[in-house]
1. Considering only the range 198-220, how many residues are closer than 12 Å to Lys103 by Cα and acidic (Asp, Glu)?
2. Select the helices (runs of 4 or more DSSP H) contained entirely in the range 270-383, then report the ones holding at least 2 residues which are over 18 Å from the mean Cα position of the chain (by Cα) and among the aliphatic types (A, V, I, L, M).
3. Test of understanding: among Gly81, Gly94, Gly140, Gly55, which residue is within 27 Å of Cys195 (Cβ to Cβ) and out of contact with any Leu (no Cβ under 6 Å at 6 or more places or on another chain)?
4. Which ones in the range 120-150 are touching a Ser or Thr at 6+ places or on another chain (Cβ under 7 Å), part of a loop (DSSP other than H, G, I, E, B) and open to solvent by less than 10 Å² (accessible area, probe 1.4 Å)?
5. Determine whether Pro68 is farther than 22 Å from Leu302 by Cβ, in contact (Cβ under 8 Å) with a residue 24 or more places away in the chain and not aliphatic (A, V, I, L, M).
6. Might you check whether a residue that is without any contact (Cβ under 8 Å) to a residue 60 or more places away in the chain, within 21 Å of Leu111 (Cα to Cα), hydroxyl-bearing (Ser, Thr, Tyr) and touching a Ser or Thr at 6+ places or on another chain (Cβ under 9 Å) occurs anywhere in the range 208-216?
7. Would you mention how many residues in the range 22-43 are closer than 20 Å to Trp260 by Cβ and touching a residue at least 24 places away in the same chain (Cβ under 8 Å)?
8. Output the number of residues of the range 315-353 satisfying the condition of being touching a residue at least 40 places away in the same chain (Cβ under 8 Å), more than 30 Å from Gly131 (Cβ to Cβ) and surrounded by fewer than 20 Cβ atoms within 10 Å (Cβ to Cβ).
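The values are calculated or read from the model by the stated rules, or taken from the named source; none is laboratory data. No experiment lies behind these values; they were computed from the predicted model shown. Here the Cβ positions follow ideal geometry from the backbone for every residue, glycine too, while neighbour counts run over all protein chains shown. To get the accessible areas, we keep the full protein, side chains included, count just its heavy atoms, and leave off ligands, DNA and RNA. Shrake-Rupley method; radii C 1.70, N 1.55, O 1.52, S 1.80 Å.
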Amino acid sequence: MSQYRRGKAVCSVCGNEDKVVSKTLAVCADCIRSKPDQSLPIVLEAHKDARAQLGLPDKPNRSEQGIPCAVCSNRCVLGEGEVGYCGLRVNVEGRLKSLTSPKIGLFYHYLDPHVTNCCSAWCCPAGTGAGYPQYAVTDGAEVGYYNLAIFFYGCNFDCLFCQNHSHKSFGNIKPKGAETLIDTTVNNRSITCWCFFGGSPEPQLPFAIEASRRALECVGKRVLRICFEWNGCGNPALVKKAATLAYQSGGNIKFDLKCWSEELSVALCGVSNSAAFDNLKLIAEEFKPLRLEPPLITATTLLVPGYVDEYEVEQISSFLAEIDPQIPYSLLVFHPDYMFDDLPVTSVDQVERCFEVARSRLKRVNVGNAELLGYRGAKFNRYI
């Protein structure tokens, strides 16, 4: 564990007192990236402790004599009695039992008035009227209309900074069919989009895809955009199906690119996020030339103090720019939560440095959650 000096955590590898370090993770970003042999055993122990409290496995199971699950990039192989990393699947007497399927999901839903706090609202049809009249109902922000927000329980990541960590508590949640989502939408013409989030949609993509397909059939030519807010590490075949629904309906796929360095992803999120970059590139190639108005692909990165710095943002921005410099990219201001409740809000200085790096490579960069900075000047409102 990290030591405490002058009221703050200190990296247990380098002992540097000047770096921002979470007491839960106990290692600084520099050591995670440059000394993985020393740092990763420490950070993995932090994930193990956090997940043990919820009865979840500390890492994706890879049993030699087990049943494979290929829904997400973790590709768990579950031996007798073993549970998947997401917690939604288990091997029971040699059969893979799942709390979800194409017909049932573990979720709740609610109406979210436009313009919502969706991370893509600054560039999508709901917030701007982009794509009107084919993909938007107004030539401007869809005020008076709604997003049907669909919150999925379970996740294929274990982000220690998770802002929606209630998704981990689903022991008493009963699965439901898509009928309630479809009926609500058909009977309310003010609903102009669906957004799957959570948690993250990856472990329940078969349900999300089937529910969306049925909903689009039921509403006919009415505007109903299908959007996914995810970490991006799903099975590529399912990712392509989801992206097709978003493409056809005018929706967008929002990739939450946690960081660039694989070692840092394992430290912050428990697993690698390399599949997110592969899947983003896959969608861009599949729908080339990439639809930019309204955008099919958007991306975000949460600026976690002490960890997600300008190096990470520079690498992510460069990756996006190689695909298309017009891809909208939003840098999100962090607030203390879950296992990282001891970290501060992202500083104005960190936001400025990361924004300048991203802006030097991309044409459309936004700062989200800017109100957390206590800075209401135009500089941190929106960049389009």
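1. So the count comes out to 1.
2. Numbers: elements: 274-286, 310-323, 348-359.
The helices (runs of 4 or more DSSP H) meeting that bar are 310-323, 348-359.
3. Numbers: Gly81 fails: within 27 Å of Cys195 (Cβ to Cβ); Gly94 fails: within 27 Å of Cys195 (Cβ to Cβ); Gly55 fails: within 27 Å of Cys195 (Cβ to Cβ).
The conditions single out Gly140.
4. Ser120, Cys123, Gly129, Glu142
5. On the way: farther than 22 Å from Leu302 by Cβ: yes; in contact (Cβ under 8 Å) with a residue 24 or more places away in the chain: no; not aliphatic (A, V, I, L, M): yes.
No; evaluated as a whole, the condition is false for this residue.
6. Of the residues in the range 208-216, the ones without any contact (Cβ under 8 Å) to a residue 60 or more places away in the chain are 212-216.
Next, only the ones that are within 21 Å of Leu111 (Cα to Cα) stay: 212-216.
Pick out the ones that are also hydroxyl-bearing (Ser, Thr, Tyr) and you get 212.
Imposing the further condition that a residue be touching a Ser or Thr at 6+ places or on another chain (Cβ under 9 Å) reduces the set to 212.
Checking the range 208-216: at least one residue is without any contact (Cβ under 8 Å) to a residue 60 or more places away in the chain, within 21 Å of Leu111 (Cα to Cα), hydroxyl-bearing (Ser, Thr, Tyr) and touching a Ser or Thr at 6+ places or on another chain (Cβ under 9 Å).
7. Number satisfying all stated conditions: 11.
8. Start the filter on the range 315-353 by keeping residues that are touching a residue at least 40 places away in the same chain (Cβ under 8 Å), which leaves 315-321, 323-324, 328, 330, 332-335, 337-340, 342-347, 350-351, 353.
Okay, now just the ones that are also more than 30 Å from Gly131 (Cβ to Cβ), so 315, 334-335, 337-340, 342-347, 350, 353.
If we keep only those that are surrounded by fewer than 20 Cβ atoms within 10 Å (Cβ to Cβ) too, we end up with 315, 335, 337-338, 342, 344-345, 347, 353.
Summing the residues that are touching a residue at least 40 places away in the same chain (Cβ under 8 Å), more than 30 Å from Gly131 (Cβ to Cβ) and surrounded by fewer than 20 Cβ atoms within 10 Å (Cβ to Cβ) in the range 315-353 gives 9.
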